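The values are calculated or read from the model by the stated rules, or taken from the named source; none is laboratory data. The model shown is predicted, which means the values in this text are computed figures rather than measured ones. Methodologically, a virtual Cβ is constructed for each residue, glycine included, from the backbone with ideal geometry; neighbour enumeration extends over all protein chains shown.
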Amino acid sequence: MLRQRTISAAVLIPPLLVALILGRPWIVVVVVVATGLAAREVFGLLTAAGYSTLEWLGTAFAVALVVDAALAPAQDPSGSLLFAIGAILVAVGAFFRPDPRDGLPTWFATVFGTFYASLLAFVVRLGERAPAIPAGSALGWFTAEQGWILLLVLTVWAYDTGAYFVGRRYGERRFLSHISPSKTYAGLLGGIAAATVVSGVMLVALGQSPLGAVVLGPLVALAAQAGDLAESMLKRAAGVKDSGRLIPGHGGLLDRVDSFLFAAPAVALYVVVAYH
């Protein structure tokens, strides 16, 4: 497991760090590409689970929602208009299924897959309402978007790492083993503690009070855990171990970003509530 995590990090960290340093256009490119790849894997899992989908339309729909979040936040902050249009187009596509008993679940599954993969759009929304980073802060040379994305990434990784090592050492009592047999209460608590510490350090680096970590750390940790379990449930339903083969022998992209699908909206929610 540790070797898998190390290889995955070696593949994903370099492009992410380069994008953060280069700024918003490159961040958007990375998130758009990740969304497209993740959407393909989501629809593959849904198909394997027995749900008919309009894969290419759903993938294009998910990518469009991320692009909309990056280019037109002021016109439609929630993306609700584009989502409504996409849901209508998917319904029209489902009309052409000969059997309505196939068309209806095709519509539902495609809209779900689109919405699920497009949750990565919240990564590019983090800078919209986040407070500016004071000049004297450790990360004062970052924009608010760069700083809060870095906080998101490091806090999720802290949770993942803390949960792994504490769960491996002290984990005996398991929870939701019908979805993911490796999850333990000790790992959950260890991950929450690690996420709280790292989020506190990052808040200080962003010029904010570290006391916010008391809320932000557990919020991100629980969201990340829920994101991991959601993908595990999807894989269980599909009867597969990995979401794809992007990293040979080590799974697909969805396996690497599942936690961020739920954690990114959680951080966005914290920013909105704490600073507005």
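Some notes on this structure:
- Taking the numbered list (1) surrounded by fewer than 20 Cβ atoms within 10 Å (Cβ to Cβ); (2) modelled with pLDDT of 95 or more; (3) outside any helix (DSSP H, G or I) in turn, residue 208 passes all entries but (1).
- Residue 190 being touching a helix residue (DSSP H, G or I) at 6+ places or on another chain (Cβ under 6 Å), under 23 Å from residue 119 (Cβ atoms) and not hydrophobic (A, V, I, L, M, F, W, C): no
- Those helices (runs of 4 or more DSSP H) lying entirely in region 58-165 with at least 2 residues closer than 25 Å to residue 48 by Cα and in contact with a Ser or Thr (Cβ under 7 Å, 6 or more places away or on another chain): 80-95, 100-117
- Cross-chain or 6+ apart pairs with Cβ under 8 Å, region 26-53 first and at negative phi, then part of a helix (DSSP H, G or I) and of a type in the set (Lys, Arg): 45/235
- Checking residue 234 against (1) buried (at least 21 other Cβ atoms within 10 Å of the Cβ); (2) touching a Gly at 6+ places or on another chain (Cβ under 9 Å); (3) part of a helix (DSSP H, G or I); (4) not acidic (Asp, Glu), the condition it does not meet: (2)
- Among the residues making up region 93-146, a single one is surrounded by 14 or more Cβ atoms within 10 Å (Cβ to Cβ), of a type in the set (Phe, Trp, Tyr), more than 19 Å from the chain's Cα centre (by Cα) and modelled with pLDDT under 95: 142.
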